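**Student:** Let me give you the structure first, and then I'll get to my questions.
The values are calculated or read from the model by the stated rules, or taken from the named source; none is laboratory data. This is a predicted model, so every value here is computed, not measured. Counting neighbours? That spans all protein chains shown, and the Cβs are built from the backbone with ideal geometry, glycine included.
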Amino acid sequence: MSRINVRSWRQAYPGMMPDSFLRGLREEAKEPGWARWLAQPEPGAVFVAVDETGRIGAYCAVAQARDDVDRLPGTRVGELVALYADPDVWGTGAGHALSQAATDFLAAQGFEHAVLWVLRSNLSGRRFYERHGWSDDGLLLDLEIAGERIPKIRYSRSLVPA
């Protein structure tokens, strides 16, 4: 997953994140964070898409909404924390399958609403989420990376059948 994270960020985020930051990304630096994430108890989960050789090509991670700003009084809110694919598998349907698995899992865990955060300048990512039932709900925050403030926007969706 660290490999996918680094490769996808380097391919998707030039012009959106500082070049020095993207060049400095290292797989081995991401591994301890993934070890901590995978050791967390439910209701979080990680889903992977693998090819015929068993190599992971894409992943997504879901959990209970992590930040106070994402919680709604009286509503269980889940979060699509990450969804990344190796650039070699972009356009293969892996992202679609993972997005569906993520929302199905959150709904099965009793979450009624879900949120995710995407860089405001990531138009292809935003279109992807919109095609999968997510919508910009108007909340905007800044992410600070390498001393730069990068706007991110929240997308949300209901998990309750209409």
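**Student:** Restricting region 146-161 to residues that are of a type outside the set (S, T, N, Q) and closer than 18 Å to Val81 by Cα, which is surrounded by the fewest Cβ atoms within 10 Å (Cβ to Cβ)?
**Tutor:** Among those residues, the one meeting the criterion is Pro151.
**Student:** Looking at (1) out of contact with any strand residue (DSSP E or B) (no Cβ under 9 Å at 6 or more places or on another chain); (2) among the charged types (D, E, K, R); (3) crowded, with 16+ Cβ neighbours inside 10 Å, can you tell me which one Asp86 breaks?
**Tutor:** Among (1) out of contact with any strand residue (DSSP E or B) (no Cβ under 9 Å at 6 or more places or on another chain); (2) among the charged types (D, E, K, R); (3) crowded, with 16+ Cβ neighbours inside 10 Å, Asp86 violates only (1).
**Student:** Does region 57-82 hold any residues that are β-branched (Val, Ile, Thr) and not in a strand (DSSP E or B), and which are they? So that I can check it myself, show each step before the final result.
**Tutor:** We begin by selecting, within region 57-82, every residue β-branched (Val, Ile, Thr); these are 62, 69, 75, 77, 81.
Passing the criteria: only Val69.
**Student:** Among the residues of region 111-162 satisfying the criterion of being over 15 Å from the mean Cα position of the chain (by Cα) and among the β-branched types (Val, Ile, Thr), which is nearest to Gly95 (Cα to Cα)?
**Tutor:** In this case the residue turns out to be Val160.
**Student:** Let me ask something else. If Gly54 satisfies every condition in (1) free of Cβ contacts under 8 Å to residues at least 12 places away in the same chain; (2) part of a helix (DSSP H, G or I) but one, which is the exception?
**Tutor:** Single failed check for Gly54: (2).
**Student:** Could we say that Leu143 is surrounded by 13 or more Cβ atoms within 10 Å (Cβ to Cβ) and either touching a Pro at 6+ places or on another chain (Cβ under 7 Å) or not charged (D, E, K, R) (or both) here?
**Tutor:** Taking the combined requirement at face value, the residue satisfies it.
**Student:** Just for region 111-146: of the residues that are of a type outside the set (A, V, I, L, M, F, W, C) and in contact (Cβ under 8 Å) with a residue 60 or more places away in the chain, which one is farthest from Cys60 (Cα to Cα)?
**Tutor:** Ser121
**Student:** Just checking, how many residues over region 83-96 are closer than 27 Å to Asp70 by Cβ and either assigned to a loop (DSSP other than H, G, I, E, B) or touching a residue at least 60 places away in the same chain (Cβ under 8 Å) (or both)?
**Tutor:** So the count comes out to 2.
Yes or no, residue by residue, for (1) in contact with a Leu (Cβ under 8 Å, 6 or more places away or on another chain); (2) closer than 15 Å to Met1 by Cα; (3) modelled with pLDDT of 90 or more:
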| residue | (1), (2), (3) |
| --- | --- |
| Ala39 | no, yes, no |
| Asp68 | no, no, no |
| Thr92 | no, no, yes |
| Ala97 | no, no, yes |
| Phe105 | no, no, yes |
| Glu112 | yes, no, yes |
| Leu116 | yes, no, yes |
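**Student:** Quick one: which of Leu139, Leu159 is out of contact with any helix residue (DSSP H, G or I) (no Cβ under 6 Å at 6 or more places or on another chain) and not charged (D, E, K, R)?
**Tutor:** None of the other options fit; the residue is Leu139.
**Student:** Additional query: Hey, among Arg127, Arg157, Arg131, which residue is of a type in the set (Lys, Arg) and under 21 Å from Pro14 (Cα atoms)?
**Tutor:** Arg127
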